[in-house]
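Novice: The structure that follows is given in the form of structure tokens.
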Amino acid sequence: MSAEEVLQKRKEELGEEFGTAIYWLDNAVTNAFVELKIFHGLFVHSRERVDVLNQASGLVVMYTSKAIWDSLCMALCRLTDPANTAGNKNLSLGSLNIFLKEKHKKPYQEKVIKAVESAEVFRRRRNKVLAHADAGIALELDVLEGCSFSDAKTALELIADALNFVHLEYLKTQTLYDMVIVDPNDERAFLKSLYIGNTVQSKNFADQEKALRSGDYDRVNDLSREISVPDWLLSE
């Protein structure tokens, strides 16, 4: 089904507000699992993969890893934020309680509490680094507890468990958020392209250096033109 059809189905099953809330949370959790998968595939899987990325561009890789990690951190915080903050309503796990039957409120809230507790380390990072510049942390007078990939995975699994409680009770089904089907051109295809490019370019540079040492300047010129790219790729 299309996204619009899924949303309409949820509204028909649960009502306008409840159905829309579940649809939004499902998408938020799914997107977070995709970010988790990409981050793992690029930066956690193995040293060799990181080496491929750094060979292509260490600076771009550093900012890319930070952007994905920060985005995942913010997603975990949004999903586990309280239903209300400073008088403003949030759409989070906590906001679903108003739609639940009385018998489901307590068991659901117990799962939400576990998810919120597991995300606390990310909330501190959000509050002190991402959303605000805490003076103690910025001036290195205080130390902020670190958060790991394992922490993010655990928090996201607990978030999914809480949301699946609602799915099971009200939709008689569960969602395998971590088994989401992504585009086949995922991080592995990206890494493959970089690996091939790095290999070809490294060989070309090595051949140019060899030709230069032997004084074969015609060969150097030929090799320098061997790998060509369009102007738009290199222009500022």
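Each value in this text was obtained by applying a stated rule to the coordinates, not by laboratory testing. None of the values given here were measured: they were computed from a predicted structure. Neighbour counts run over all protein chains shown; Cβ positions are idealised from the backbone, glycine included.
Novice: In square nanometres, what is the average projected area of the Cα convex hull of region 45-94?
Specialist: 4.7 nm²
Novice: A further question follows. Taking only Cα atoms of region 1-102, what ratio of Rg to Rh do you get with Rh as the Kirkwood inverse-distance radius?
Specialist: When Rh is taken as the Kirkwood radius, the ratio is 1.13.
Novice: Would you kindly compute the Cα radius of gyration of region 68-195 and its largest Cα-Cα separation (Dmax), both in Å?
Specialist: Computed over the Cα atoms of region 68-195, radius of gyration and Dmax are 17.5, 56 Å.
Novice: Are there trypsin sites (Lys or Arg not before Pro) in region 21-103 that DSSP puts in a loop and that have at most 15 other Cβ atoms within 10 Å, and which ones?
Specialist: Those satisfying the criteria are K101.
Novice: Rank these for me by crowding, F149, F33, going from fewest to most other beta carbons within 10 Å.
Specialist: F149, F33
Novice: Let me ask you something else. Going down the list K9/K103; K128/K153; K103/K172; K11/K101; K11/K114, which pairs span over 19 Å between their C-alpha atoms?
Specialist: From the list (K9/K103; K128/K153; K103/K172; K11/K101; K11/K114), the Cα-Cα distance tops 19 Å for K9/K103; K128/K153; K11/K114.
Novice: Report D for the chain in µm² per second (integer): Stokes-Einstein, Kirkwood Rh on Cα pairs, 20 °C, 1.002 mPa s.
Specialist: 101 µm²/s
Novice: Just the projected area, averaged over all directions, of the convex hull on the alpha carbon atoms of region 183-236: how many nm²?
Specialist: In nm², the orientation-averaged hull projection of region 183-236 is 5.0.
Novice: Treating only the Cβ atoms of Lys and Arg (+1) and Asp and Glu (-1) as charged, compute the dipole magnitude of the chain about its Cα centre; round to the nearest 20 debye.
Specialist: Roughly 600 debye, rounded to the nearest 20.
Novice: Just to confirm my numbers, what's the Cα centroid distance between region 124-145 and region 18-72 in Å?
Specialist: Distance between centres, Cα-based: 22 Å.
Novice: Could you name the aspartates and glutamates whose alpha carbon sits less than 14 Å from that of K89, not counting residues in the same chain fewer than 8 places away?
Specialist: Cross-link targets: E17, D81.
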